[in-house]
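The values are calculated or read from the model by the stated rules, or taken from the named source; none is laboratory data. No experiment lies behind these values; they were computed from the predicted model shown. Heads up, the Cβs are rebuilt from the backbone with ideal geometry, glycines too, and the neighbour counts pull from every protein chain shown. Areas reflect the complete protein model, heavy atoms only, side chains present, ligands, DNA and RNA absent. Shrake-Rupley method; radii C 1.70, N 1.55, O 1.52, S 1.80 Å.
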Amino acid sequence: MTKMPKRRKSKDNPYTLGYDDYRQIYTISFKDINNVLQTIEIDELLYNEFNKFELEDISQMNKFDNHIEHLEISDEMLYKKAFIKQSSIEEIVEEKIQIEQLKKNINELPLIQRKRLKKYYFEGKNFEDIAQEENCTKRAIKFSVDIAIKKISQKMKK
């Protein structure tokens, strides 16, 4: 008897399909209630239906393995999935492009404006602290940062 190719089987699938080349018959094997292996002859139509069912079963197992998370679900994870919007690939790429453009525009600013902008936004310093460091007025720092922001926003609109 020719055995069918070894296939992955669901734990709920109790039968094994077979084909006898010599006698040219299709068979199905299973263990009965007494755990004794039984093999019966079936016609080609029934064999094809069992085969189709088995292939669909394998397809479902593959989908489960490939597409469904196999993590323990916590309340926190459920909350994140329900209320925190996941970004699409397009949104992530667009955001990265905008960040790169922003970096480029900041680097194109005059040195003084660039330093003041970085101190204010990235180092978290206020206008007074920056003015003390540079021995100038708070108003000059604010004006410089405002002009830098205006230049960057104009370039970002293009």
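Express in Å², to the nearest 10, the accessible area of Glu90 obtained by rolling a 1.4 Å probe over the protein heavy atoms while all chains stay in place.
130 Å²
Where the accessible area of the chain is counted over protein heavy atoms with a 1.4 Å probe, how much of it, in %, is carbon and sulfur?
55 percent
Is segment 20-105 rounded, prolate or oblate when judged by the Cα gyration tensor, a ≥ b ≥ c being the square roots of its eigenvalues, rounded requiring a/c under 1.5 and prolate requiring a/b larger than b/c?
It is prolate, given that a/c is not under 1.5 and a/b is the larger ratio.
For Thr27, what residues show an amide H to amide H distance below 5 Å, using hydrogens built from the backbone and excluding near sequence neighbours?
Gly18, Tyr19, Asp20, Ile42
Tabulate in residue order the Karplus-calculated ³J(HN,Hα) for segment 110-127, using 6.51 cos²θ - 1.76 cosθ + 1.60 with θ = phi - 60°, rounded to whole Hz; enter x for Gly and Pro.
x, 3, 5, 4, 4, 4, 5, 4, 5, 5, 6, 8, 9, 9, x, 7, 8, 4
Cut-off under 21 Å on the C-alpha distance; same-chain residues fewer than 8 positions from Lys104 excluded. Which lysines are left, in chain and number order?
Partners found: Lys96, Lys115, Lys118, Lys119, Lys150, Lys151, Lys155, Lys157, Lys158.
Over the chain, give the accessible area per residue in Å² for a 1.4 Å probe, as an integer.
Using a 1.4 Å probe on heavy atoms only, each residue of the chain averages 82 Å².
Starting from segment 46-151, pick out the trypsin sites (Lys or Arg not before Pro) whose DSSP state is loop and whose Cβ has at most 10 other Cβ atoms within 10 Å.
Listed in order of number, the matching sites are Lys85.
Consider a paramagnetic label point 7 Å from the Cα of Tyr15 along Cα→Cβ; state which residues of segment 44-62 have an amide N under 16 Å from it.
From segment 44-62, the list is 44-58.
Let me check something: with ligands and nucleic acids excluded, how do Phe50, Phe122 order by accessible area (1.4 Å probe), largest to smallest?
Correct descending sequence by accessible area is Phe122, Phe50.
List the aspartates and glutamates whose alpha-carbon lies under 19 Å from that of Lys80, not counting same-chain residues fewer than 8 positions away?
Glu69, Glu72, Glu91
In percent, what relative contact order does the chain have, based on Cα pairs under 8 Å that are 6 or more apart in sequence?
With pairs under 8 Å counted, the relative contact order is 12 percent.
Mind listing the Cα extents of segment 45-158 along all three principal axes, in Å, largest one first?
Extents along the principal axes, in whole Å: 90, 35, 18.
If you plug each phi of segment 14-28 into the Karplus form 6.51 cos²θ - 1.76 cosθ + 1.60 with θ = phi - 60°, what whole-Hz ³J(HN,Hα) values come out, in order, with x for Gly and Pro?
x, 10, 10, 8, x, 9, 9, 5, 5, 8, 6, 10, 9, 9, 9
Give me the lysines in straight-line cross-link reach of Lys52: C-alpha distance below 29 Å, same-chain residues under 8 apart excluded.
Result set, ordered by chain and number: Lys3, Lys6, Lys9, Lys11, Lys31, Lys63.
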